[in-house]
Every structure is written in C-alpha cells, then in structure tokens.
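Written out below as structure tokens is the structure these notes cover.
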Amino acid sequence: MKDSYEVIVVGAGPAGVAAALICRKRGYNVLLLDKKKREKIGDKVCGEAISKKTVLKAMEKLSIAPPLEEEIKAKIEDLVLRTALPKNHITFPAIGYMIDRHMFGQRLLQEAIKSGVILKDQYRVKKPIVIDNKVSGVLIKDSEHNSIEILSKMVIDCSGTMAVVRTGLPQEYEPNLNKKVTKADFAPCYREIIQLNHDHDLEGKIVLQYEIDIPEPGYIWFFDEGEKRLNCGTGFIKQGKHATKSVKSVYFNALEKYFPKGTYKTIDGRGDVVPIRAP
Ligand SMILES: Cc1cc2nc3c(=O)[nH]c(=O)nc-3n(C[C@H](O)[C@H](O)[C@H](O)COP(=O)(O)OP(=O)(O)OC[C@H]3O[C@@H](n4cnc5c(N)ncnc54)[C@H](O)[C@@H]3O)c2cc1C
C-alpha cells in the first residue's frame, strides 16, 4: 500500500464518507480508514430518524441521489413530545424518514469508492503521528495486529464519539483540543427494534416520552418504522445518584408501561453512547 496520501479520513460513518467525497471532488487523493469490516460499515445503533430537508440538502451537496425507496423504512410527519399524563403532549410538524442506516451507509461508502476514495477496512487507528508540531499521519493496527504508519498532509477525524485522533494529540499541541472523553461526556443508551403483534397509533410519528423514572434530560423514544415495527430506546448520563442505574432496566421498565412483554418480539437490541459535549 502506498504509505503517503494527501488526505486521511478516519472513520467511514456519514461524516467520514462526506468528508472523503468532498476532498476527492477537490482533486485530493484520499484514504478512508475504518476499524469495521467493509460490509459492516454503516451499521450503527441509531434512532434512524432523519429530517428530509437536511438529508436532501446534504445529498445534493455531495452530488448523491437522495434516500432510495428501499432505504426508507417509513415516512415521518410529526414529532410528539409526551409525558405520562393523559393529554399532556405537544406535536410539531417534522417531515422526515426512518432510514435503514446500514443500507444507506453502504451506498454512501460505495459512492465514495466510485469517486476514487481508497478504503481500507479493518484498519484501527491508534493515534495521530505528530511531526514538528503538525499532524502528519496516523498509526494503525490492521486485522493481523501489525502496526503501520501512514503519512498524509491532512488528517480528518471522523471516528465518532471517541475521537481517536483528537484525543491522541500531545498535551502541548492545542489547549483543550485533546481533552479526554470522560463519562460525563456521553449518555449510554439501549435501543431496540420491536415488532408489535397489534396495531398502534404512532403511524408517521417519532415520539419522545418523558418519564419520571428516566433521569433528566432522558426520555424513552418510540419511532414508527412502519409495518407495526418501532425503533425504541433510552439513554441518560450516568452521574451522581444515577451512576449505578442500569440503562437496560430503566428502558425495560419504561417500555413495559406502553408495550408490555408478550405484545412484541425483539428484532434487534444493542447499546451505544450518545455524545453530549461539544469537542
Ligand atoms: C442510540 C442512538 C440513537 C441515535 N438516533 C439518531 C436519530 O434518530 N437521528 C439522527 O440523525 N442521529 C441519531 N443518532 C446520532 C447518529 O448516529 C450520529 O450523529 C452519527 O452516526 C454520527 O456520524 P459520524 O460519521 O460522525 O460517526 P459514526 O456514525 O459513529 O461513525 C464513526 C465511524 O468511525 C469508525 N471508527 C471509530 N473508531 C475508529 C478507529 N479507532 N479507527 C478506525 N475507525 C474508527 C467506526 O467504525 C464508524 O464507522 C443516534 C445515536 C445513538 C447512539
């Protein structure tokens, strides 16, 4: 593999693919790195709700076709904020889509590769290489645990919550830029996709349900995926008196109130974290 590029983009999620495409459009040679296997890229624990206006604008900017029929699980019309009190809710118009993130992410990746971006999957970036006070590449571990240095004129960190390049910068590089990601910087979440065995009244809606038992500012969400399927989940900052609370049990207790056990089948259930601090 050529060991020097004009641009290295770390992470092939939506941010990384967009950055890689834009750099490629401007004529740079671009290496896109991801720790996941190629076929897993785009698969992420997510609410999967996106605003139509935002996604169309972004896709236009990237010269990519808008979400395709097969990538859209359901169309969304309303955002509803609800509490457990009857009639205590506010509805906002929210035109958007429930999207199959994995399928959508794979297409974005495909577009980047088609444009000439070079993808290296199963390349885990360990830290930036800093020469003369300038980020000049990255140190990676491949799937066989070989350490490899790759140099570049520019490195763009799109590795998501853990920000592997930014947090690996030397202390003196830039005050605060390398600030470590701590427990207070993200909310652990648990998310399920459930198949109901009955009809529901959430068609075309994404609902944020505030509950007394979910630590503020957390909520349980119910997003309609169509065909009696819901994307549901909760998350909160595990600090102070909530430090030892299990996100999963808070989620299941809240879910039970609205969709008791036996009324649904779980299709997918996984945890992740949502960042809640700007870098
Ligand atoms: C539970 C949950 C629900 C959400 N719901 C919604 C929603 O409904 N609507 C919405 O718009 N957003 C939602 N989000 C947020 C959304 O998922 C993120 O904003 C989005 O994924 C950020 O994209 P990204 O490209 O920055 O990072 P990511 O999608 O996280 O991609 C980062 C990529 O970097 C790779 N990577 C990480 N570390 C390394 C490393 N060391 N070396 C190489 N590669 C690495 C990862 O494998 C991954 O492919 C949700 C997030 C969570 C956790």
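Points to keep in mind about this one:
- Segment 1-46 - Kirkwood radius from inverse mean 1/r over Cα pairs (Å): 11.3 Å
- Lysine pairs in segment 165-279 whose alpha-carbon atoms fall under 18 angstrom of each other, counting only those eight or more residues apart or on distinct chains, come to 14.
- Relative to the longest principal axis of the Cα atoms of the chain, the long axis of helix 14-25 lies at roughly 40 degrees.
- Ellipsoid fit via the Cα gyration tensor, segment 208-279: semi-axes of 23, 15, 11 Å, each the root of five times an eigenvalue, largest first.
- On Cα atoms only, tilt of 247-258 relative to the major axis of the chain in degrees: 30 degrees
- Computed [θ] at 222 nm, helices only, for the chain once each DSSP H run of length n ≥ 4 contributes -39500 (n - 2.57): -5500 deg cm²/dmol
- Of the GluC sites (Glu not before Pro) found in segment 147-211, the ones in coil according to DSSP and having at most 10 other Cβ atoms within 10 Å of their Cβ are Glu172.
- Angle of helix 52-61 to the longest C-alpha principal axis of the chain, folded into 0 to 90 degrees and rounded to 10: 20°.
- Peptide ranges 237-249, 253-265, 114-126 listed from the most packed, as the mean C-beta count within 10 angstrom indicates: 114-126, 253-265, 237-249
- Here the ratio of the Cα radius of gyration of segment 131-236 to 2.2 N^0.38 Å is 1.63.
- Each distinct pair of alpha carbons in segment 20-174 adds a 1/r term; the inverse of their mean, the Kirkwood radius, is 18.2 Å.
- As a rough guide to protection, the peptides 214-226, 85-97 ranked by mean Cβ packing within 10 Å, highest first, stand as 214-226, 85-97.
- Tensor-based shape of the chain (alpha-carbon gyration tensor, a/c under 1.5 rounded, otherwise prolate or oblate): prolate
- Expressed in Å, the radius of gyration and Dmax of the Cα atoms of segment 19-99 are 17.4, 57.
Read the figures in this text as sums done on the coordinates, not as results from a lab. Here the structure is a predicted model, which is why all the values come from computation and not from measurement. Every residue, glycine as well, gets a Cβ built from its backbone with ideal geometry; the counts of neighbours run over all protein chains shown.
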